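First comes the structure, then the notes that go with it.
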Amino acid sequence: MPGLAYQLGILIAAPTNTVEFHVEEHVGYQWALAGFEIVTIAVLIVTLLLGKERKGAASISLRPFPFRLESHFSAEDRAFREKDLVKAYVATAQYDVSCTHRVHHSDSGCKMTPEKQMPDFSKLTEDFVYGSLALSPVSATQAGYHEHQGVKLDEKLDDFSPSGIEAARKFDAGFHDRLAAIDQQALSAEERADYQIIENAIELSLLDLQQIQSYRHNPTIYVEL
């Protein structure tokens, strides 16, 4: 529903400039602009009268899972469907990490051999996606992730203070080290692709934080918050 509302908003707003231009020819620029403002305010008032904003309603979450699947599905079917819904959310995350939450089967491609004790890559991808969103509350709210480890993200803005920048740098450096502990040869082809996506995202973020420093030189970041 949030995605549909967003697309409908774009569709409705698309012809605004053209309509405003034609109205300006007849009543002048000031009246054309005032007319659009009046219409916008009127639509906003009607929208507010129709109902309250449900800030706490998550479009998707991991724990507890918010979807109530039909009872006629078997437990195994519900597990697979819930994991597909989680994958749909992850695809909208800030770094677009195509994380896959898998049900482990008995085939060799889906489980680790006992001899190789390696960090859980699925856990790493999950931590990275949700941790990244928590560092950018604005993006988290847009993606439908409203709470992280008990912290309400809807009420926060991205933190570009020195402490916030340092927290982001430590986050990226920590996941860089966690990735280094993963044996890529032991991963499936899909997991190796996820590994590369996460690694590229971390390197890009560290490049921006340490060298480009767009938070110092690009005022658009703060305007778009």
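Only one entry in Ser205, Ser188, Ser163 is of a type in the set (Ser, Thr, Tyr) and farther than 17 Å from Leu135 by Cβ, namely Ser188. Annotation: Ser163 fulfils all but one of (1) more than 20 Å from Ile212 (Cβ to Cβ); (2) exposed (fewer than 14 other Cβ atoms within 10 Å of the Cβ); the unmet one is (1).
Cβ separations smaller than 6 Å between residues 6+ apart or across chains give the following pairs from segment 193-216 residues that are in contact (Cβ under 8 Å) with a residue 12 or more places away in the chain to residues that are charged (D, E, K, R) and surrounded by 12 or more Cβ atoms within 10 Å (Cβ to Cβ): Ile202/Asp172; Ser205/Asp172; Leu206/Asp172; Leu209/Arg169. Each residue in segment 169-192 was checked for being of a type in the set (Asp, Glu) and without any contact (Cβ under 8 Å) to a residue 60 or more places away in the chain, and 2 of them qualify. Close Cβ contacts (under 7 Å, 6 or more residues apart or on different chains) running from residues in segment 29-40 that are at negative phi to residues that are of a type in the set (A, V, I, L, M) and in a helix (DSSP H, G or I) comprise Ala32/Val23; Gly35/Val23.
Within segment 175-225, take every residue that is of a type in the set (Asp, Glu) and more than 17 Å from Thr125 (Cα to Cα) and give me the one that is surrounded by the fewest Cβ atoms within 10 Å (Cβ to Cβ). Checked segment 175-225; the qualifying residue surrounded by the fewest Cβ atoms within 10 Å (Cβ to Cβ) is Glu224.
Every number here is computed from the coordinates shown, using simple stated rules; none is lab data. It should be emphasised that the depicted structure is a prediction, and the values quoted were computed from it without experimental measurement. FYI the Cβ positions are ideal-geometry reconstructions off the backbone, even for glycines, and counts take in every protein chain you see.
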